[in-house]
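Following: one structure in structure tokens, then a few remarks.
The values are calculated or read from the model by the stated rules, or taken from the named source; none is laboratory data. These figures come from a predicted structure and were not determined experimentally. Methodologically, a virtual Cβ is constructed for each residue, glycine included, from the backbone with ideal geometry; neighbour enumeration extends over all protein chains shown. SASA here: full protein model, heavy atoms, side chains in, ligands and nucleic acids out. Shrake-Rupley method; radii C 1.70, N 1.55, O 1.52, S 1.80 Å.
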Amino acid sequence: MKIAVCIKQVPQTTEVKIDPETHTLVREGVESQINPFDLYALEEAVRVKERLAEQGEEAAVTVITMGPPQAEAALREAISLGADNAVLLSDRAFAGSDTWATSYALARGLAKIAPDLVFCGMQAIDGDTGQVGPGIAVHIDYAQAAYVACIEEISKKKITVKRLIENGYERVSLQLPAVLTVVKEINEPRTPSLRGKMNAKKAEITVWKASDIDAPEDKIGLLGSPTQVIKIFSPPHREGGEKWTGESHELADKLANLLKEMEVV
Amino acid sequence: MSIKVSPDKCNGCTLCVKACPQGCIEVKDKLATIEIDSCNFCGSCVSTCRFRAISIEIEKQAKEDLSQYSGVWVYGEQWRGEIAPVVLELITAGRQLADERKSELAVIVLGNNLDKVAQELSEYPVDKVLIYEAPELESYDPERYSRVLSDLCKELKPEIVLAGATTVGRSFLSRVAVQLYTGLTADCTGLAIGEDGLLHQTRPAFGGNIMAEIVCPYTRPQMATVRHKVIPTSPKAKNGHKPEIVRLNVKPKLFGSRSQILEFIEQMENTVNIVDADVIVSGGRGIQDPANFALIEELARALGGAVGASRAAVDAGWIPYSHQVGQTGKTVCPKLYVACGISGAVQHLAGMSSSDTIIAINKDPNAPIFQVADFGIVGDALEIIPMLTKKIAAMRGQS
């Protein structure tokens, strides 16, 4: 079975600032990391591979990302965490992609890999959209489930998952191939093994340009993106208010009165 | 695509040089010069330039006549006949947008046995209630639902489509936007019609540290999912208001699906649904023990609210993940957020700092949570909370 994991390289902190002079994001000195949600996706892919091995079936995990050449670091880290192969979609023509164009490019890359199962994190911590996973499923025409919290069963043709919904969970059975986006609850990612680190060092990263995945220029990058960001700005700053100190019972009384004033009670 | 600097407008101020993340702009003889091979057309220089000297030209235009699209659609998300609270908020937003565009507001519902839902929605200030009813649509199925809504958009051509940024709304509209090759903006906190007649969508990114304004100029419909509780709930319409209830023609050929729902596991306690709650009482590491979460729960119940938690409390296994507030949990904006024993890591603040009022109880006077709290109580949450719960019970007893 072929398993793929889509990852994104994101800044290590979301405490990004806007330069007051230039009104653009300050990117200097910000380290990058694998999007935390994608680590759960990767871990689950590796676990599925291990589970299949127990069932006597071989599987390989390919990790894929779209980004600048520096995104190779994220792919190597993914290999240290258990992925077997890595693909980097990198081309100037991809720059400025919104979620439509991103999911298109990733789907084109995935189509070349032809996986039976695709894992994505539920969203990325920089963009916070959650739109790319379901978008990929449509572009590549696979079955799809979002917010998956548990994989109950997997066979060659079918997978049964439990997914998070507003008021609880839903158990769903999907035909393979399928795209799953996962939530944090699904597992606890491992730390890299020594062998993993060695693999990461010597791994060959496959790099595909737009032409390698037959992605026409008008469907990728800025040109292929229906949405346009016209302005970025800092949100209104929230100031801390009054601070109360004193004996617990006094504080509790004061709080109760406050809640009454606020008409919560 | 091309990028140009107008020599008439540029005075060589070097602001764009500082703004360029690629480092591909130089000022030569008081004129910004862009190294085209390294430029990735990110637009940073364009928005920075105070003299509007730089322009990116995208050879892009609409592929069809956009004026054939009109009207605003709100997706009427419902669960077994219960309308999701965010729908009523979307009606407020949709009404404004439709009025400004001098067009109609419709709420569109997909599902089964929708008579009660249709009736209820018709009491709100909408012009039409569109009903698409079939047993196959009983519950949300990604493939069926997106195929149906895409088909309806192609046929009826709404200009704007809004849905709640719920677990369903986000994945559902992503699929529809891809099928229609149009733009979708996730988790918006502001919507307005600009002077250009476009839907200007404002949304937080980077955990709320940055706001972005986004438009979708060349394709229709313009689609957005909208965050819970940032728009007030719509009041009911005045007496005599009677929107048309339209039963749409059902096309069973759209109902193919490769997934099958086996079971729902409902979590009944009303202290769980934190995104819809007006009051949230949250506990963190300072609660010290899973058993102490009962204190949080009692206070939440006394206030008619839901129970939240910090990542630390969830990771320690004190409370299930569905309660987690913050970057890797849920984003909430209740009227009142009470943070108990939560230090306030940036990841937590990202999920709750847009709450109307924040009360924080923490022993450490220097805890970062106090920087966003309207009322900071320096004290032991484990002592104060039970006293407060008792006090509230007594106050309720009196009234």
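Before moving on, here are some points about what is shown:
- Within chain A, antiparallel bridges make up roughly 40 percent of the DSSP beta bridges whose residues both belong there.
- Accessible-area loss of 50 Å² or more (1.4 Å probe, protein heavy atoms, chain alone versus all protein chains) is found in the range B:375-391 for B:F375, B:I377, B:V378, B:I384, B:M387, B:L388, B:K391.
- Centre-to-centre, using Cα atoms only, the range B:250-301 and the range A:126-174 are separated by 18 Å.
- Å² per residue, accessible surface of chain A at 1.4 Å: 44
- Where both bridge residues fall in the protein assembly as shown, DSSP classifies roughly 40% of the beta bridges as antiparallel.
- Highest-fluctuation residue, A:Q70, A:Q131, A:Q228 considered, GNM on chain A with Cα pairs under 10 Å: A:Q228
- Only Lys, Arg, Asp and Glu carry charge here, each on its Cβ (+1 for the first two, -1 for the last two); on that basis the range B:66-255 has a dipole of about 120 debye about its Cα centre.
- Taken as Cα centroids, the range B:24-73 and the range A:80-103 sit 24 Å apart, rounded to the nearest whole angstrom.
- Cα-based shape type of the range B:2-57, given that a ≥ b ≥ c are square roots of the gyration tensor eigenvalues and the cut on a/c is 1.5: rounded
- 5 Å binning of all Cα-Cα separations within the range A:1-97, expressed as whole percents from 0 upward: 3, 13, 20, 19, 16, 12, 7, 5, 3, 1, 1, 0, 0
- Amide H contacts under 5 Å for B:E104: B:G71, B:V72, restricted to partners 5 or more places along the chain or on a different chain, H placed in the peptide plane at 1.01 Å from N.
- Dipole magnitude of the range A:2-219, debye to nearest 20 (Cβ charges: Lys/Arg +1, Asp/Glu -1, about Cα centre): 620
- With every protein chain in place, the range B:279-395: carbon and sulfur % of accessible area (1.4 Å): 51
- Between chain A and chain B, roughly 8900 Å² of accessible surface gets buried, counting both sides and using a 1.4 Å probe.
- For the peptides A:173-180, A:98-105, A:49-56, the ranking by packing is A:98-105, A:173-180, A:49-56, with the highest mean count of neighbouring Cβ atoms within 10 Å listed first.
- Here chain A was treated as a single set of alpha-carbon atoms; its pair distances binned every 10 Å from 0 give 6, 26, 30, 18, 10, 7, 2, 0 percent.
- In the range B:66-255, Rg over Rh equals 0.94, where Rg is the alpha-carbon radius of gyration and Rh the Kirkwood radius from pairwise Cα distances.
- Partner chain coverage, peptide B:43-50 - average Cβ within 10 angstrom: 4
- For B:K63, the lysines whose Cα comes closer than 30 Å to its Cα, not counting residues fewer than 8 places off in the same chain, are A:K112, A:K209, A:K219, A:K231, B:K4, B:K102, B:K128, B:K154, B:K157, B:K251, B:K253.
- For the options B:K128, B:K63, B:K116, a Gaussian network treatment of chain B with springs between C-alpha atoms closer than 10 Å singles out B:K63 as fluctuating the most.
- Calculated mean residue ellipticity, 222 nm, the protein assembly as shown: -8000 deg cm²/dmol, from DSSP H runs (n ≥ 4) at -39500 (n - 2.57) each, averaged per residue and rounded to 500.
- About the centre of its Cα atoms, the protein assembly as shown shows a dipole size close to 660 debye [charges on the beta carbon of Lys, Arg (+1) and Asp, Glu (-1) only; nearest 20 debye].
- Amide H contacts of A:W244 (H built 1.01 Å from N, in plane; Pro and chain starts excluded): B:G376, B:I377, B:V378 sit under 5 Å, all sequence-distant by 5 or more or on other chains.
- Charge dipole (the range A:152-217, unit charges on Cβ, about Cα centre) - positive-most of A:S173, A:S193, A:V183: A:S193
- For the range B:66-255, share of DSSP beta bridges that run antiparallel, in % to the nearest 5: 30
- The residues of the range B:66-255 have, on average, 37 Å² of accessible surface per residue, using a 1.4 Å probe with all protein chains present.
- Interface burial in the range A:234-252, defined as at least 40 Å² less accessible area with all protein chains than with the chain alone at a 1.4 Å probe, covers A:P235, A:R238, A:E242, A:K243, A:W244, A:S248, A:L251, A:A252.
- Threshold 10 Å² - residues in the range B:234-265 whose accessible area is reduced by that much or more when the chain is no longer isolated, probe 1.4 Å: B:R258, B:S259, B:Q260, B:I261, B:L262, B:E263, B:F264, B:I265
- Efficiency of FRET from Cβ geometry, B:K242 and A:E250, R₀ 56 Å, rounded to 0.05: 0.50
- Near B:Q327, the amide H atoms lying under 5 Å from its own belong to B:H348, B:A350, B:G351; only residues 5 or more places off or on other chains count, and H is placed 1.01 Å from N.
- Dipole of the range B:70-218, positive direction: furthest Cα of B:Y132, B:V109, B:I160, with charges on the beta-carbon: B:I160
- Phi-derived couplings, Karplus 6.51 cos²θ - 1.76 cosθ + 1.60 at θ = phi - 60°, listed residue by residue for the range A:236-249: x, 6, 9, 9, x, x, 6, 10, 10, 10, x, 6, 3, 5 Hz, with x used for Gly and Pro.
- Between helix A:36-54 and chain A: long-axis angle, C-alpha atoms, 0 to 90°, nearest 10: 40
- Apportionment of accessible area to carbon and sulfur, the range B:66-255, percent (1.4 Å): 48
- Cα shape, the protein assembly as shown, gyration tensor, a/c 1.5 rule: rounded
- Per-selection Kirkwood Rh - chain B (Cα, Å, 1 d.p.): 24.0
- Pair B:E136, A:S211: separation of 7 Å Cα→Cβ label points (nm): 4.4
- Accessible carbon and sulfur surface of the range A:2-219 relative to its total accessible area, %, 1.4 Å: 48
- A simple rule links phi to the HN-Hα coupling: the Karplus curve 6.51 cos²θ - 1.76 cosθ + 1.60 with θ = phi - 60°, which for the range B:366-377 gives 9, 4, x, 4, 5, 6, 10, 7, 6, 10, x, 9 Hz, with x for Gly and Pro.
- Farthest toward positive dipole pole in chain A [+1 Lys/Arg, -1 Asp/Glu at C-beta], among A:I125, A:H249, A:A41: A:A41
- One quarter of the convex hull surface built on the alpha carbon atoms of the range A:97-240 amounts to 13.3 nm², the projected area averaged over directions.
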